[in-house]
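The values are calculated or read from the model by the stated rules, or taken from the named source; none is laboratory data. Fair warning: this is a prediction, and the values are worked out from it, not measured in the lab. Here the Cβ positions follow ideal geometry from the backbone for every residue, glycine too, while neighbour counts run over all protein chains shown.
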C-alpha cells in the first residue's frame with residue numbers, strides 16, 4: 001500500500017464531534033474521512049398535513065415519501081423496533097449499510113450506527129444542553145473549560161430556547177433565539193404546570209421549553225423554521241441544524257477537505273506521522289492516508305472499534321454507556337377530539353427535569369406530542385380492537401403527550417464492548433432494573449389532570465437512545481491503553497486523539513450532543529496548539 | 001396448511017405459476033376481508049395491490065400461527081380474533097396483517113378523515129372512544145371464544 005502525506009490532521013467521522021473538530025482546525029490542513037451516505041433527493045415539500053390534503057399531490061407521491069417503495073415505514077411491523085425517526089423512506093440512509101460496514105454481535109443492546117454525512121444527527125431531536133459542573137462529575141474537565149465553546153456553537157448554529165424554569169439546569173439564555181411555537185397540547189400542559197408550579201417544584205418536577213438547534217429567526221443564511229412538522233420524514237430541513245451543513249460550508253470554502261467513501265479501519269503510528277488505513281466503502285480497495293495528528297470522531301462504538309483493531313486486541317473489554325430510555329404516555333382528557341393543528345414542530349415540544357427523591361441523580365425528560373408521526377406508528381399501543389384503535393388514534397392523539405425519560409449511566413463490568421475474533425463488535429449490556437421513577441412522575445402529572453397508567457409505560461431496549469459513550473474514557477491520569485487524558489490523547493499513542501463521546505467517563509441524563517461538540521472543539525484546539 | 005407455511009412455500013417455489021397465482025388471489029381476498037373488517041368495504045384496487053406486494057415479501061411472525069385462510073372461509077370475525085390473539089401475544093401474524101393494512105391506507109388521501117380529526121369534536125370524540133371501549137370488551141370476549149371454537153393456536 002502506498003501513501004502520501006495527506007494532511008496535517010485527519011478527522012475520522014462527520015457527526016457532531018468530527019464536524020466541530022474540523023471546524024476548529026479549519027484552514028490548517030484538515031482532511032475529514034467518512035463513508036458519507038447522503039439522503040435521497042427530496043420529492044415533496046411543504047407541511048405534513050397540507051400535503052396529505054393537497055389534490056395536486058398524488059397518492060403515489062405520498063406513498064413514496066411516507067411509506068416508501070420498499071415499505072420502509074412498516075419496518076416495525078415485521079422487524080425489531082427501530083425509532084420512528086430512522087425508518088421513514090428518506091431517513092433510512094442514516095443507518096444505511098451499518099450492518100455491512102460495521103457488523104455487531106449485540107446482546108440486550110440495539111446499536112444504531114450511522115455512516116451518513118452528519119452521522120446520527122440527521123435523525124436527532126436537535127436538543128442541545130450545556131453540562132453543568134454536576135453533569136461533569138467524574139470528568140477531568142470543568143464546565144468553565146467548555147463554556148467558551150458552548151458560546152461559540154450557539155453563535156454558529158443558532159439555538160432557540162427560553163428563560164424559564166429550566167434555565168437553572170440548562171445554563172445561560174443570552175444568545176438564544178426565541179423558542180419555537182408550541183401546539184395547544186403543550187400550551188395546556190404548561191398552563192397546568194404554572195398553576196401548580198410551587199407544589200410540583202417542591203416535589204422535584206420542573207417543566208419548560210426545550211433548547212433546540214432549530215431557528216426561529218434567519219441565521220447564517222439559513223431560514224427560520226416554517227412548522228412543516230416533517231421531522232420524522234426528512235433529514236435536511238435547513239432550519240434544523242445538521243453537522244452536514246457546516247461540513248459542506250467548510251469544504252465549499254476550501255477550509256477543509258472532505259473525502260467521502262472511506263471506511264477507516266485502523267491506524268498505525270510511524271515516526272512522527274500517523275498512518276490511517278481506510279477501505280473504499282463500496283469497492284473495498286484499501287488506501288493509507290498519512291497525517292501528523294489523527295482525531296477519531298466516528299462515534300463511541302466505531303471509534304472504539306478502530307482503536308481495538310489498531311491494537312489487534314480481541315480480549316480487552318471497554319466500557320459501554322447508554323442513556324436507557326423509558327416512555328410515559330399521558331392523556332389530557334380535555335383535549336379529546338381537539339382539532340388538528342397542522343403547523344407544528346414534530347420533535348421535542350417541552351422539556352422536564354426531575355430532581356426529587358425518587359432518583360439519586362437529576363433526570364431530564366423530553367415531552368412530545370404525537371401528531372408528527374403516522375398514527376399507524378403507535379396504533380397498536382392502544383388496547384382496543386383494531387377499529388377502536390383507529391378511532392382512538394383519531395380522537396385521542398390531540399391530547400396525547402409522551403414523556404421520554406433518559407437515565408444516566410456509569411461504567412459497570414457487565415456493560416462492555418469487545419472486538420470479536422470474527423471482527424464484529426460484541427456489545428453486551430445487562431438489563432437495568434426499573435427505578436420506579438415512572439410511577440412517581442405519573443403521580444405528579446396526574447396532579448395536573450393527566451391520565452396515565454404504569455401498564456402503558458415502556459422501557460426500550462438499551463441502545464435506543466443513540467446516546468452512546470464511555471468506551472475510551474478521559475481521566476486526569478490515564479493508567480491504561482484504552483483511556484484518554486484530558487486533552488483527548490489516547491493512552492499509548494503520541495498523536496492520536498479521541499474527540500467524540502467515547503471519551504466521556506460518565507453519561508448524565510442530559511442529552512450529550514452539545515457537550516460532544518464543545519469538547520471536540522476543545523480537543524481540536526489542543527491539537528492545533530500541538531502542531532505549532 | 002397455515003398462511004405462514006403457504007407464504008414460505010410461495011417463496012421457495014417461485015417457478016410454480018399456478019401456486020403463485022393462487023396465493024396472489026388469496027392475498028387479494030385477505031386484503032378485502034381485513035379491509036372490510038376495518039372500514040366496512042372491500043379494499044380499493046391500489047391498496048389491494050400494495051398489500052399483496054408487501055405480504056409476498058414480508059417475513060411474518062412465525063408463532064403463533066393463525067390460520068387466516070381457514071378463518072376467512074368460515075366467515076369468522078377477524079377483528080375479534082385479532083384482539084384476543086394480541087392479548088395473548090402482541091407479535092402475531094394477524095396483528096401484523098392488520099397493522100400493515102393500516103399503514104398502507106393511512107398515507108392515502110381518501111383515508112385522511114379516518115385517522116385525523118380536523119374539527120373540534122370533544123363530545124363526539126369522547127363518545128366515539130367510549131363506544132369503542134365497550135365494543136372492544138365485547139370483541140375480546142367474542143375473540144377468546146372464537147380462538148377456542150376454531151382451535152386457533
Next on the checklist: If residue A:57 meets every condition in (1) in a loop (DSSP other than H, G, I, E, B); (2) more than 11 Å from chain B (Cβ to nearest Cβ); (3) crowded, with 17+ Cβ neighbours inside 10 Å apart from one, which number is that one?
Outcome noted: (2)
Checklist entry - Do we have residue A:421 as surrounded by fewer than 22 Cβ atoms within 10 Å (Cβ to Cβ), at pLDDT 95 or above and part of a loop (DSSP other than H, G, I, E, B) here? => result yes
Next on the checklist: Which of the numbered conditions does residue A:430 fail, given that it passes all the others? Conditions: (1) touching a residue at least 40 places away in the same chain (Cβ under 8 Å); (2) out of contact with any strand residue (DSSP E or B) (no Cβ under 9 Å at 6 or more places or on another chain); (3) within 19 Å of residue A:504 (Cβ to Cβ).
Outcome noted: (3)
Checklist entry - Conditions: (1) surrounded by fewer than 21 Cβ atoms within 10 Å (Cβ to Cβ); (2) out of contact with any helix residue (DSSP H, G or I) (no Cβ under 6 Å at 6 or more places or on another chain); (3) away from chain B (no Cβ under 14 Å). Residue A:324 meets all but one. Number of the miss? => result (1)
Next on the checklist: Quick check on region A:370-381: of everything there that is outside any loop (DSSP other than H, G, I, E, B) and more than 7 Å from chain B (Cβ to nearest Cβ), which residue is farthest from residue B:132 (Cα to Cα)?
Outcome noted: A:377
Checklist entry - Among the residues of region A:252-262, how many are touching a helix residue (DSSP H, G or I) at 6+ places or on another chain (Cβ under 9 Å) and surrounded by fewer than 24 Cβ atoms within 10 Å (Cβ to Cβ)? => result 3
Checklist outcome for this item: For region A:151-195, the count of residues that are within 27 Å of residue A:339 (Cβ to Cβ) and in contact with a helix residue (DSSP H, G or I) (Cβ under 8 Å, 6 or more places away or on another chain) equals 5
Checklist entry - Is region A:25-40 home to any residue that is crowded, with 18+ Cβ neighbours inside 10 Å and more than 30 Å from residue A:273 (Cβ to Cβ)? => result yes
Checklist entry - With A:396, A:384, A:472 as the choices, which residue is outside any helix (DSSP H, G or I), buried (at least 17 other Cβ atoms within 10 Å of the Cβ) and within 14 Å of chain B (Cβ to nearest Cβ)? => result A:384
Next on the checklist: Quick check on this structure: which one of A:30, A:38 is at pLDDT 95 or above, touching a strand residue (DSSP E or B) at 6+ places or on another chain (Cβ under 6 Å) and away from chain B (no Cβ under 14 Å)?
Outcome noted: A:30
Checklist entry - Can you pull out the helices (runs of 4 or more DSSP H) entirely within region B:39-153 that have at least 2 residues that are away from chain A (no Cβ under 12 Å), within 12 Å of the chain's Cα centre (by Cα) and closer than 22 Å to residue A:388 by Cβ? => result B:68-73
Checklist entry - Does residue A:43 satisfy the condition of being free of Cβ contacts under 8 Å to residues at least 40 places away in the same chain and farther than 22 Å from residue A:113 by Cβ? => result yes
Checklist entry - Yes or no: residue A:66 assigned to a helix (DSSP H, G or I), buried (at least 24 other Cβ atoms within 10 Å of the Cβ), within 14 Å of another protein chain (Cβ to nearest Cβ) and touching a residue at least 24 places away in the same chain (Cβ under 8 Å)? => result yes
Checklist entry - For residue A:447, which of the numbered conditions (1) surrounded by 17 or more Cβ atoms within 10 Å (Cβ to Cβ); (2) in contact (Cβ under 8 Å) with a residue 60 or more places away in the chain; (3) under 30 Å from residue A:334 (Cα atoms) fails to hold? => result (1)
Checklist outcome for this item: The number of residues in region A:114-126 that are buried (at least 24 other Cβ atoms within 10 Å of the Cβ) and on the phi < 0 side of the Ramachandran plot is 8
Item to check | Within region A:164-180, considering residues that are exposed (fewer than 15 other Cβ atoms within 10 Å of the Cβ) and touching a strand residue (DSSP E or B) at 6+ places or on another chain (Cβ under 9 Å), the one modelled with the lowest pLDDT | outcome: A:168
